[in-house]
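Before we start, here is the structure in question, set down as structure tokens.
The numbers here are math on the coordinates, done by the rules we state, and not lab data. Just so it is clear, the model here is predicted, and its values are computed rather than measured. We place every Cβ from the backbone using ideal geometry, glycine too, and count neighbours over all the protein chains shown.
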Amino acid sequence: MKIIVCIKQVPPSGGIVVDETDRVQIRSGGVLNPCDARALAVAVMIKKRLGGKITALSMGALSAESTLRQTLAIGADEGVLLSDKAFRGADVCVTAYTLAQAVTKLGGADLILCGQQTTDGDTAQTPFSLAARLNIPAVGFVKAIEFTGETPIFIQELSGASAAVEARFPMVAAIGLSAAAPLAASLKERLDAAKKPLKIWGLSDMPDSDGSNYGLIASPTRVIKISRISTEQKNPPITEPPADTAERILKAVRAVVGGR
Amino acid sequence: MKKILIYLQTSVDGEILPVGLELIGEACRLAERAGDTAVYGAAVYGADFFPCGKDPFVSSKKTLETLAGLTGLKAVYAFECKGLESFEALPYAKVIKLCIDELKPDVFLVGGTPEGRAVAPTVAALLNTGATADCTAIDLDADGALLQIRPAFGGGIIAEIITPSARPQIATVRAGVFLRTDKTEGLPLPSVILRRIDCESGCPSFSVLKKRVTGLCAEKFEQKKVIVAIGGGVKSVGDLSVFEELCKKIGASLMCSRVVVERGLLPQSRQIGLSGSCVSPELLIAFGVSGSAEFLSGIKAAKRIIAVNLDKDAPIMKIADEPVINDMYAVAASLRDYVAADDGANGKVQK
Ligand SMILES: Cc1cc2nc3c(=O)[nH]c(=O)nc-3n(C[C@H](O)[C@H](O)[C@H](O)COP(=O)(O)OP(=O)(O)OC[C@H]3O[C@@H](n4cnc5c(N)ncnc54)[C@H](O)[C@@H]3O)c2cc1C
């Protein structure tokens, strides 16, 4: 069983910094994206039952190496960081293309697990885009995993319904926050992680090494303007004892739902 | 002639989901403003869906009537796909791609449901174009360029995004962001174009995963008239109970900002905002929510907002109808007295 887990280093909560000239996010360290931690936990769970190897794959600045190293401590067997100036500023479409190139170079995989969304972009699009690039099925918005015998069953959220989807490899699964608890590494695991292989690949390592197919220049979308919202004060702030606020709230509720 | 195509997601019983109708409403407004623009729809059905006698491709009359009644559309494509009885992103996207290849729309709009949010990026990847997620506003210019507007990067930044050359320009929009139009007179009725595709036999590129729909999701939150929203002021599970009890008592939905979901305190289905739900309650009571641009984009339609926050400068205090500077826990304690003690009495808070 070959499992690839796509992970991303994201800024700590509320700490996104943007380059105002080309409106691209500045990457300088951060944490493992929460959904990706769940995807990795799912990978470890599946590997325990089916055996195999877990590769953690990430695209980002060189600072993302520390986050990749962390995934090696939690259970990945090897790490690959795609880092090159040419990759900078990629939108979803081109990010997925870049990841797909790396998956191809890795010789493909049976199962590609992604976090459903990241805290900095929150588009939830990359897993589907990646699956389309690889022309393999994707199951998204996975909120739980079950097993029938040795076959993983992904419980998927749909509009007003859930679906149980039987894994059929190769495939992509995008894992939501509730699907698994994130794993923590012991001290020994962290020490061992230092010895696991971590490769850094740049543009010249990609099967398609034409720089014009990557990064901001290849991205179909462009952020043309960013502006800060400023709102005027609609009503003056109210200072009152807490009990009065409670009263205010109950009165407002009664005005809507009726009753005493 | 510019063309806008809208993905019309249907429920299991063939109804068009409301978000599709909202997109039609907005697309018609854009078309009117930009001029020389036609709006189209596309829906994908499985074969099983249709009550069909022997021929699996005999369409349901009611469904066709529904499609034919979508005023404002020039035409609507109905794809009957044998083998696509349940949703799957890649084959659905390949069907949509057939439609896009034929129609060549400038813009493709998709409702931000789980299915739509899977379809849009998949179609985009197949066509090597962009898809902007969760737009809060869109605009079309006379040349057919779509301006895609959404909060981005956190911290109160609004980004304007374009797709300079790739086509179609794709955007997803959450339910509740746009209004349906009630205006029907003077608008044309669409012609229905029925297309039949056998995705089951001899067509490996449409192969599907084995799937069984296991049941309805729990509660729908958007419907409730009163919503209590809790934010970063809530730190642990222990802090939740008073708000849960309050909601039960007053018949409100308990929802939250994203940090509460990140802390694992409430499921993502309860998140309000850009990457959560748009809500339109009669009354929204926000406890310890700062009011980020992302959060605020989900409560634009709230009729009345009471915000309880310690920080008078928090953005939510600017837009609230009643911005109250108070400790949410002190207020909650007063409410707890009411919730616990008062069942027969007349709903007065004990002072
Ligand atoms: C791409 C992207 C998408 C996003 N999508 C969403 C989204 O859909 N929804 C969403 O909510 N966020 C979203 N966010 C996150 C958003 O930017 C904010 O980080 C988040 O909304 C902050 O939540 P908050 O205001 O509840 O918490 P905080 O920022 O932690 O604010 C807490 C507030 O509570 C007040 N407070 C603290 N203690 C008390 C107390 N005891 N009594 C009273 N008041 C108190 C504080 O004064 C403060 O105003 C998104 C971010 C990005 C980058």
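So what are the three principal axis dimensions of region A:103-260 from its Cα atoms, in whole Å, longest to shortest?
67, 49, 40
Same structure again: Could you work out, residue by residue across B:156-166, how many beta carbons of other chains sit within 10 Å of that residue's beta carbon, and then give the average as an integer?
The per-residue average across the peptide is 6.
Using the beta-carbon distance between A:Asp208 and B:Lys303 and R0 = 35 Å, what value does 1/(1 + (r/R0)^6) give for FRET efficiency, to the nearest 0.05?
Efficiency computed from Cβ-Cβ geometry: 0.10.
At a Cα cut-off below 13 Å, give the aspartates and glutamates reachable from B:Lys211, other chains included and same-chain residues fewer than 8 away excluded.
The qualifying aspartates and glutamates are A:Glu157, A:Glu166, B:Glu85, B:Glu88.
Rounded, prolate or oblate: which fits region A:2-218, taking a ≥ b ≥ c as square roots of the Cα gyration tensor eigenvalues, rounded meaning a/c under 1.5, else prolate when a/b beats b/c?
Because its axes are fairly even, with a/c under 1.5, region A:2-218 counts as rounded.
Taking square-rooted eigenvalues a ≥ b ≥ c of the alpha carbon gyration tensor, is region B:120-182 rounded, prolate or oblate, where a/c under 1.5 means rounded and, failing that, a/b exceeding b/c means prolate?
Rounded, because the longest to shortest axis ratio a/c is under 1.5.
Report the Stokes-Einstein translational diffusion coefficient (µm² s⁻¹, integer) for region A:112-204, Rh taken as the Kirkwood radius over Cα pairs, at 37 °C with viscosity 0.692 mPa s.
Approximately 214 µm²/s, per Stokes-Einstein.
Skipping prolines and chain starts, which residues have an amide H placed within reach, meaning under 5 Å, of the one on B:Gly46, given they are 5 or more residues away or on another chain?
Those lying under 5 Å, H to H, from B:Gly46 are B:Cys81.
Which pairs in the list A:Lys105/A:Lys199; A:Lys48/A:Lys195; A:Lys48/A:Lys196; A:Lys234/B:Lys224; A:Lys2/B:Lys94 are over 23 Å apart, alpha-carbon to alpha-carbon?
Those over the limit are A:Lys234/B:Lys224; A:Lys2/B:Lys94.
Please give the calculated 222 nm ellipticity per residue for chain B, where each DSSP H segment of at least 4 residues contributes -39500 (n - 2.57) and the sum is spread over every residue; nearest 500 deg cm²/dmol? Kindly include the intermediate steps, with their values, before the conclusion.
On the way: 9 runs with 96 residues, N = 351.
Using -39500 (n - 2.57) per qualifying helix, the result is -8000 deg cm²/dmol.
Hey, another quick one. 7 Å from Cα along Cα→Cβ at both A:Lys251 and B:Ala142: what's the point-to-point distance in nm?
Each label point is offset 7 Å from its Cα along the Cβ direction, giving 5.4 nm.
Need one number: the % of Cα-Cα pairs in region B:209-326 sitting beyond the 25 Å mark.
Numbers: 1249 of 6903 pairs.
So the pairs more than 25 Å apart make up 18 percent of the total in region B:209-326.
What's the FRET efficiency of A:Lys105 with B:Leu310 using the Cβ-Cβ distance as r and R₀ = 45 Å, to the nearest 0.05?
Taking R0 as 45 Å, the efficiency between A:Lys105 and B:Leu310 is 0.30.
Hey, another quick one. At 30 angstrom or more along the helix axis (alpha-carbon based) and mean Kyte-Doolittle of 0.5 or higher, what helices does chain B contain? Whole DSSP H runs only.
Sorted by number, there is nothing, because no helix extends far enough and scores high enough.
Bin by bin, in steps of 5 Å, what percent of the Cα pairs in region A:169-221 do you find, going until the bin that has the longest distance?
Taking all Cα pairs of region A:169-221, the binned fractions are 4, 12, 10, 10, 14, 21, 16, 11, 3 percent.
Still on this model: Once the Cβ-Cβ distance between B:Arg212 and A:Phe169 is put in as r, and R0 is 22 Å, what FRET efficiency do you end up with, to the nearest 0.05?
Efficiency, rounded to the nearest 0.05: 0.70.
Give the cross-link partners of B:Lys300 among the aspartates and glutamates, using a straight C-alpha distance below 14 Å as the criterion and excluding same-chain residues fewer than 8 apart.
Cα-Cα hits under 14 Å: B:Glu222, B:Glu282, B:Asp321.
Under unit Cβ charges (Lys, Arg +1; Asp, Glu -1), what dipole magnitude, rounded to 20 debye, does region A:2-218 have relative to its Cα centre?
Working: 21 positive and 21 negative charges, 127 e Å.
I would put it at about 620 debye.
Along the Cα→Cβ direction, 7 angstrom out, place labels at A:Ile226 and B:Ser236. What is the inter-label distance in nm?
If labels sit at A:Ile226 and B:Ser236, their model points lie 3.6 nm apart.
If you don't mind, another one. For the protein assembly as shown, count the residues as N, evaluate 2.2 N^0.38 Å, and divide the Cα radius of gyration by that value, please.
Normalised by 2.2 N^0.38 Å, the Cα Rg of the protein assembly as shown equals 0.98.
Treating only the Cβ atoms of Lys and Arg (+1) and Asp and Glu (-1) as charged, compute the dipole magnitude of the protein assembly as shown about its Cα centre; round to the nearest 20 debye.
The dipole magnitude comes to about 620 debye.
Between A:Asn235 and B:Arg33, how many nm apart are label points set 7 Å from Cα along the C-beta direction?
3.0 nm
Compute the separation of the alpha-carbon centres of region B:74-139 and region A:203-233 and state it in Å as a whole number.
First find each Cα centre; the distance between them is then 22 Å.
Can I ask one more? Shape call for chain B from the C-alpha gyration tensor, a ≥ b ≥ c root eigenvalues: rounded (a/c under 1.5), prolate (a/b greater than b/c) or oblate?
Verdict is prolate for chain B.
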